[in-house]
Structure formats: C-alpha cells, structure tokens
Amino acid sequence: MILTVQHLRVAFHLGGGKRSVPVRDVSFEIPENGRVALVGESGCGKSLTALTLGGLVDRAEITGTITGAPRLAYIFQNPMQSLNPVMRVGRQIEEARPNTVRPSPLAQASFRGKGAAPSEDGRTVFGLLEAVGLPADAARKYPCELSGGQQQRVMIAMALAAAPDLLIADEPTTALDVTTQREVLDLIERVADAHKMAVLLITHNLGLVARYSTFVNVMYAGEIVERGEVKKVLRAPRHPYTQGLLAAVPRLDAPKDAPLSDIPGTVPPPTDWPSGCAFHPRCPIATDACRLSAARCQG
C-alpha cells in the first residue's frame, strides 16, 4: 500500500469547552497506482480528511496513524480560488515544481525533435501544458483569461510538476459543465496512468465513482460507513446512506416525468453528531437500536 490511514480523528477546540470533530474515525488504504474514491455529501469530512493527509490542517487535534510517505499533489474543486489571479500561469507552474524534483518524463517527451531547446524551466512548463491539452502561449496568460476547464487543466499541470506518487482530486469538476467534467476526469485518468500515480477521488457522485475508481469508501458524519470494491458496493449497497446516494444518481432510462430521488434532511453539524448510527435521523428504516449502535448497517 502506498498509504494507509487508521482511525484518523480531527478535532477543533472552539472555546468555552466546546469542540468540533469533523473527522471522527476514518480508516482506508490506497494501493500503488490505485484508484480510490471517498464519497459523501458536503459536510461529511471528506476534504478535511484529504487535507490532513498532506499536513495542511492547522490548530487541530489530530490522532490516529497515517502510514506511508508518498509525494502528494492536490487538485481542488474551484481553480479560480486556488490560482493566484495576479501571476501568470507559467510562473505558477514553475513554483509548483520543487528544485529537488526531476522534470516530468512526460514533459521531456513532449519536446523531443521540436527545434531549439528552451530552458529547463521552460521545457517543463510548456511540456506540462501540452500534456494537459493547453497551448504553450497559455503560460503567459493570467487565470482570468482562461475558461473554467482550462483553469482546471492548469491545476492538473501544477500537480504533475511535483511528480507526485498520489494525486488527490477534491471535487475537481464541481464548477464545470458536464462535457468539460468528463474531459477533465478523462485527462486525470490519462496522466495518472502515464505517470503511474495513485488517485484519491473525492466526490459526492457515485456515477463518477463507477467510471473512474476501483475501490470506494462511503463517508458520513466523519466516519466511513461502507467500503469495498466499486462494482460490489454499487451492485449491492449495504448501508442505507449508500443506497440513498446511489438512488440520487440520474438514470438515462428513467421516465421523463419521474421525480428525482434525494435524501431527506441534511448532514448534522460536527459539534452535535447523533448517537449510535449518525444517519439514523434521516434513515427510512431506522429503529431504536440504530440510536444506540451503528453495527446494524455498517458496511
């Protein structure tokens, strides 16, 4: 395994004796070159879990163990908020490439037989831009001069610049239209294969998981409620929350007037998780036993 997370817990002290515990007990594994998904609604703790893997969470009480030390890179869901608006794209890609990291093999291959060799930094930047489907002149543009899909491609190029072992894609297509979403996700898959990287895909959409992941962890209220191979989990989901997420995926063969399915209610706040199975206030099959223990539906 390239990364193993065991019983991860992240808590924040709010003052006055109050605490917020967005991540309560999370365990999962990521194999080398694996495709793993972390799925759940907003507020379940997915992004905080991912940030903790890279040591990007401050002023928190963090317990549990994270085994393995892969080089990580992140692709965030809103590239316009992640890119520096007053810095040209090429310069931002250069900054993402540490001096100790060798140029990307894909970037080197992109410039073979193309005339005069540019500088080492230039070759890497232009090669990475080409690798993600952007023209070389994009290096001189500011983020505001690019479309949302192009900005996300820049984020992918920045991630590749560090030659990561594990690429964490946190809702990478949220702000994009459906066609561009598929292009970006297909691109992530291609570059991950080319660079032999593992991918942790964070999403709320089980439809994307079915296409781009082989192993899934379903997260709710700071805990993993179900895990397994994607095909098995989607074929026979055990936890009512997983069943609700799967039912909410639109189907092309559904009648035109069929109502969209949803999960009633919202994710509770991390300062007040319910007892027992945290999903029981929203669960259609909850019993009194569910208020005492989560064992009944744990997948």
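Across the range 59-94, the number of residues qualifying as part of a loop (DSSP other than H, G, I, E, B) and either touching a Cys at 6+ places or on another chain (Cβ under 8 Å) or polar (S, T, N, Q) (or both) comes to 4. Residues in the range 127-142 that are surrounded by fewer than 20 Cβ atoms within 10 Å (Cβ to Cβ), assigned to a helix (DSSP H, G or I) and touching a residue at least 12 places away in the same chain (Cβ under 8 Å): 2 in all. Within the range 55-71, the set of residues being closer than 16 Å to Arg24 by Cα and touching a residue at least 60 places away in the same chain (Cβ under 8 Å) comprises Thr65, Ile66.
In the range 190-215, the residues that are small (Gly, Ala, Ser) reach residues that are in a helix (DSSP H, G or I) and modelled with pLDDT under 85 with C-beta atoms within less than 6 angstrom, at least six apart or across chains, in these pairs: Ala194/Leu106. Residues in the range 283-295 that are surrounded by 10 or more Cβ atoms within 10 Å (Cβ to Cβ) and in contact with a helix residue (DSSP H, G or I) (Cβ under 8 Å, 6 or more places away or on another chain): 5 in all.
Pairs linking a residue in the range 35-52 that is more than 15 Å from Tyr74 (Cα to Cα) and touching a residue at least 60 places away in the same chain (Cβ under 8 Å) to a residue that is buried (at least 24 other Cβ atoms within 10 Å of the Cβ) and among the charged types (D, E, K, R), with Cβ atoms under 9 Å and 6 or more positions apart or on different chains, are Val39/Lys46; Gly40/Lys46.
Residues in the range 26-63 that are surrounded by 15 or more Cβ atoms within 10 Å (Cβ to Cβ) and acidic (Asp, Glu): Glu29, Glu41.
Of all residues in the range 125-155, those being β-branched (Val, Ile, Thr) and at pLDDT below 85 number 2. None of Ala169, Ala175, Ala210 is on the phi < 0 side of the Ramachandran plot, surrounded by fewer than 21 Cβ atoms within 10 Å (Cβ to Cβ), touching a helix residue (DSSP H, G or I) at 6+ places or on another chain (Cβ under 8 Å) and modelled with pLDDT of 85 or more except Ala210. Does at least one position in the range 42-49 carry a residue that is of a type in the set (Lys, Arg) and outside any strand (DSSP E or B)? For the range 42-49, residues of a type in the set (Lys, Arg) and outside any strand (DSSP E or B): present.
Could you look through the range 238-269, keep only residues that are crowded, with 16+ Cβ neighbours inside 10 Å and aliphatic (A, V, I, L, M), and pick out the one that is nearest to Ala221 (Cα to Cα)? My answer is Val267.
The values are calculated or read from the model by the stated rules, or taken from the named source; none is laboratory data. Note that the structure is a prediction, hence the values are computed from the model and not measured. A quick note on method: Cβ atoms are made from the backbone with ideal geometry, for glycine too, and the neighbour counts reach across all protein chains shown.
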